[in-house]
1. So, G182, is that one in the same structural domain as R162 (by TED's automatic domain parsing) and buried (at least 24 other Cβ atoms within 10 Å of the Cβ) or not?
2. In the stretch 97-130, how many residues are more than 16 Å from C399 (Cα to Cα) and in contact with a Phe, Trp or Tyr (Cβ under 9 Å, 6 or more places away or on another chain)?
3. For the stretch 277-342, list the helices (runs of 4 or more DSSP H) that sit wholly inside it and hold at least 1 residues that are closer than 19 Å to K114 by Cα and more than 16 Å from the ligand (Cβ to nearest atom); which are they?
4. For the stretch 169-181, does any single residue satisfy the condition of being part of a helix (DSSP H, G or I), hydrophobic (A, V, I, L, M, F, W, C), within 16 Å of the ligand (Cβ to nearest atom) and closer than 30 Å to G383 by Cβ?
5. Could you say which residue among E345, E397, E381, E414 is away from the ligand (no atom under 15 Å from the Cβ) and either in contact with a strand residue (DSSP E or B) (Cβ under 9 Å, 6 or more places away or on another chain) or not in a helix (DSSP H, G or I) (or both)?
6. Here is a list of conditions, (1) touching a strand residue (DSSP E or B) at 6+ places or on another chain (Cβ under 9 Å); (2) in a loop (DSSP other than H, G, I, E, B), and E257 meets all of them except one; can you say which number that is?
7. Of everything in the stretch 185-208, what is farther than 19 Å from A156 by Cβ and surrounded by 15 or more Cβ atoms within 10 Å (Cβ to Cβ)? Give them in sequence order.
8. Only one of Q261, Q256 is more than 16 Å from the ligand (Cβ to nearest atom), among the polar types (S, T, N, Q), buried (at least 24 other Cβ atoms within 10 Å of the Cβ) and closer than 27 Å to N8 by Cβ. Can you tell me which?
Amino acid sequence: MTPATPWNPVPVPAATDPGSVPSHWFNLVPSLPGPVPPPHEPDGARQDAWGSRVALQQRIRLDAVRAQDAATEPVLEIPERVREELAAIGRPTPLLRARALERHLETPARIYFKREDVLPTGSFKLNSAIAQAYFAAEQGVDTLVTETGAGQWGHAVAWAARRFGLDAVIYWAGVSARQKPGRHAVIEMLGAQVHPSPSERTPVGKALLRDGRHLLGSLGTAIGEAINHAALHPETRYISGSNLPHVLIHQTVIGQETKAQLAALGERPDALIACVGGGSNLGGFMGPYLAEKAERGEELLLLGAESAGAPRLTRGTLRYDHADPEGITPLSKSYTLGREYELPETHVGGLRQHSGSPVIGVLRGAGLLDAVAYEEPDIFESGRLLLSTEGMLVAPESCHAVRAAVERAVLAREAGRAEVIVACVSGNGLLDLDGYLAHR
Ligand SMILES: Cc1ncc(COP(=O)(O)O)c(C=O)c1O
């Protein structure tokens, strides 16, 4: 579906040198087909135990990211130190032509993978963790507190915090933390404190445990506890690994590099594919293509692949909801299954949340973003196919994007279409083997 009204996204200058880190982040917000609905208070917020959710967010967040969330400029300069750190971790990441997979599928399509899995902590999450740790250090903050779903964000924050001499406290969706003792150990080796959520450490966690709700834990329970922790420790600052505009902004190095790399190869994408949890790898990968999407309409497919265990874009509704089950976060508008929704146990912790990003909500609501949901056995089958063709063992979340790319390449074979399919491989799966083992 193309949008009913044309809109004017900002074109990204094509000047980015593929051999270097972009000088600016791209700000998706002014390029969206409509405004991002602002967060607001639930009814009676000022009278209940948590008080004003919006004021709490203002108090516990870093000044720089609050400014970025409100930014209206089309691009924002990346501080020099952040660019140096991004170069030090290996940016630009490679763009791989998956020829062995193409041969296996006997497809005329050309399949490219943007390799965020090669970054040192194993995922794209480092792009935003570095930026936020830098802003914290500049602001004189000592301790960061955050949540993590799959553990990849927590791992990235642990490393970035260490790099900038900060402490890190991480609330981790309990079910994922228990599935991944290896990643748990690595995060602790990096010096961060890890607490599986729900925990007895915060009033939010205690309330969930007492009432027997969300006992498996989820990104939402961990968000509630991390925010509660920050509220009780004024010396800390709370940071997010997805959903919000500033996180998507930090991830646009991915899309800018991809554009430059494809242009250097003389290629133009017909389909851009990413997995979607809170929407930050998708937003960062596709944001710089919004102007091209406006120009080409249905000729350029933007496709989000989600988990059938948390099918917000395919089965949820676009409405105001809390991002945590306890309701300590402000109401924000995104595709949601409802905060009461008890998410099933899965091996895709990074896509396992009941709500999502308001920015992605605007894109999907305007008909610009297509979506597909996959069951776990199917995504691990695609993960094993990638392992046996290209030798890449990718994160369970990334297997969703791989599955969608494979399906698209098969359709291209059936239609005899030599199209260009580009998928973001958001992470590495070596520390997430539990899911592969469960579905062998
Ligand atoms: C490897 C990996 N990919 C993707 C995601 C989903 O996050 P987002 O939707 O913000 O890109 C996660 C989240 O934890 C992840 O760990």
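1. no
2. Summing the residues that are more than 16 Å from C399 (Cα to Cα) and in contact with a Phe, Trp or Tyr (Cβ under 9 Å, 6 or more places away or on another chain) in the stretch 97-130 gives 8.
3. 290-296
4. Checking the stretch 169-181: at least one residue is part of a helix (DSSP H, G or I), hydrophobic (A, V, I, L, M, F, W, C), within 16 Å of the ligand (Cβ to nearest atom) and closer than 30 Å to G383 by Cβ.
5. The unique qualifying residue is E345.
6. Checking E257 against (1) touching a strand residue (DSSP E or B) at 6+ places or on another chain (Cβ under 9 Å); (2) in a loop (DSSP other than H, G, I, E, B), the one that fails is (2).
7. Listed by number, the residues that qualify are P198, S199, R201, T202, P203, V204, G205, K206, A207, L208.
8. Q256
The values are calculated or read from the model by the stated rules, or taken from the named source; none is laboratory data. Computed from a predicted model, the values in this text were never measured in an experiment. Positions of Cβ are backbone-derived with ideal geometry, glycine not excepted, and every protein chain shown enters the neighbour counts.
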